[in-house]
Amino acid sequence: MYTIELLDIVTTAGVLYIVALGLLIVYGVLRIINLAHGAFLALGSYAAVVATWLGWSPWSALVIAMAGGIAVGAVAEWRVLRGLYVRPLDTILATWGLNIIMVQSITLYFGREIQFADSAITQAVSVGGVTYSLYRLILLLIAVVLGVLVWLVMRRTEIGIVAQAVIMNEELAQALGINTRLVRFVTFCLGAGLASLAGALITPLVSVHPNLGVPWLINAFMLVLVAGVSLGNLALAALILGGAQVLVSSYGNPVLGSLTIVILAVIILRFRTITT
C-alpha cells in the first residue's frame, strides 16, 4: 500500500545526497559555505541541455558537466577565493558574487526560457507490485556509489588523508609541510565538479532555467548544517528530512512540503544549541 511512498522517500534522499555532497566536501575541508553551489548545479543542467541540442548521448552530459564544473571551479578558486580563506565573511560574499556572475552569464547565453533535456533512461519497472521510474532508482544507486567513492578517496588516498589533516588542524598541517593551498584548490574543484554533475543528473526531473539551483542550494545548505562534515550523517539527514518532505507533500500541502527541510533543520539546530 505504501510502496510508492517508500520508494519516493529513499530516492528523494538519494537525490538530495547527490546534490549536497559537493557542498559538504567544500564545507568540511575549507570551512566555507559555497553559495555558488546553486550556480554550479545550473551549469551542469545546461550541459545536459547542450548535449540534447547536439544530439549527443545524455550520459555524455555527465562528463561535460563535471569537466565544466571543475574548470570553472579551478578558475574561481585561483582568481577569487585563494586569498580570502582567512576571512570567512568575505568568502561568503565572494561565492555569492560568483553565483550572480555565473547565473547572469547563463541567462545572457541561454535566456530565461525553460529548457528541457533528454533522459538517459525513460523506462519504468515493477517494484513491489507498483510501476516506478527506473531513472530515480538509478539515481539512488549513483548516490550510494558516489558516497562510497568519496569515502574511499578520503580514507584510502594520500590527498584524502592530507585533507583530513587539514580538517583537523590546518595550522599543524602547514607546520608539517603539507601544501594546504593545493588541498584547498583540489577540494574546491572537486566540490564544484560534483555540484555540476549533480545538476546534470537531476535535469530529467526538473525544468531547466538559470535560477533552478536556488531551492536546491537552500535544501543542501540545511542538510550540511545538520550533518556537519560526516558523509554518514549527510545520508541520514537526507533520508529523514527528505522523507519528511515527501510525506508532507503527499499527504498535506505541497507548498508546505517544499519548506519542510528548512523548517525541520531550523528546529534541529535550535534543539542542538539548547542541549549543548
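The values are calculated or read from the model by the stated rules, or taken from the named source; none is laboratory data. In this text the structure is predicted, and so the values were computed from the model without any measurement. Neighbour counts are summed over all protein chains in view; Cβ atoms, including those assigned to glycine, are modelled from backbone coordinates with ideal geometry. Note: accessible area is taken over every heavy atom of the protein model, side chains too, but ligands, DNA and RNA are not part of it. Shrake-Rupley method; radii C 1.70, N 1.55, O 1.52, S 1.80 Å.
Would you calculate, for the chain, the mean residue ellipticity at 222 nm contributed by helices, counting each DSSP H stretch of 4 or more residues as -39,500 (n - 2.57) and dividing by all residues, to the nearest 500?
Numbers: 11 runs with 208 residues, N = 276.
Taken over the chain, the calculation gives -25500 deg cm²/dmol.
Roll a 1.4 Å probe over the protein chains and send me the accessible area per residue for the chain in Å². Write down the numbers at each step before the final one.
Working: 13500 Å² over 276 residues.
Using a 1.4 Å probe on heavy atoms only, each residue of the chain averages 49 Å².
If you average the sequence gap of Cα pairs under 8 Å that are 6 or more apart and divide by the length of the range 80-211, what percent do you get for the contact order? Before the final figure, lay out each step's value.
On the way: 67 pairs, mean separation 41.2, N = 132.
Dividing the mean separation by the residue count of the range 80-211 yields 31 percent.
So for the pair residue 251, residue 100, with labels modelled 7 Å out along Cα→Cβ, what separation do we get in nm?
Taking the simple label geometry, residue 251 and residue 100 are separated by 4.4 nm.
Give, in nm to one decimal, the length gained when the segment between residue 116 and residue 59 is fully stretched (0.36 nm per residue of separation minus the Cα-Cα distance). Walk me through the intermediate numbers first.
Working: separation 57, 0.36 × 57 = 20.52 nm, distance 1.51 nm.
Using 0.36 nm per residue and subtracting the Cα-Cα distance, I get 19.0 nm.
Rolling a 1.4 angstrom probe over the protein chains, ignoring ligands and nucleic acids, what is the accessible area of residue 126 in square angstrom, nearest 10?
Accessible area, nearest 10 Å²: 100 Å².
Students sometimes get this wrong: rank 49, 229 by accessible area, probe 1.4 Å, all chains present, largest first.
Numbers: 49 0, 229 70 Å².
Output order, biggest surface exposure first: 229, 49.
Of the options 44, 27, 234, report the single residue whose Cα projects farthest towards the positive end of the charge dipole of the chain (beta-carbon charges: Lys, Arg +1; Asp, Glu -1).
It is 27, whose Cα lies furthest towards the positive end.
Want the number for residue 86 to residue 130: 0.36 nm per residue separation, take away the alpha-carbon distance, what's left?
10.5 nm
Taking a spot 7 Å from the Cα of residue 207 along the direction of its beta carbon, which residues of the range 89-124 have an amide N less than 12 Å from it?
Within reach of a label on residue 207, which here means backbone N under 12 Å from a point 7 Å along Cα→Cβ, the range 89-124 contributes 113-116.
Need one value: the accessible area of residue 53 in square angstrom, 1.4 angstrom probe, rounded to the nearest 10.
Near enough 140 Å² of accessible area.
Got a number for carbon plus sulfur as a percent of the chain's accessible area, 1.4 Å probe? If you can, show how the numbers build up before the last one.
Values: 9330 of 13500 Å².
Carbon and sulfur atoms account for 69 percent of the accessible area of the chain.
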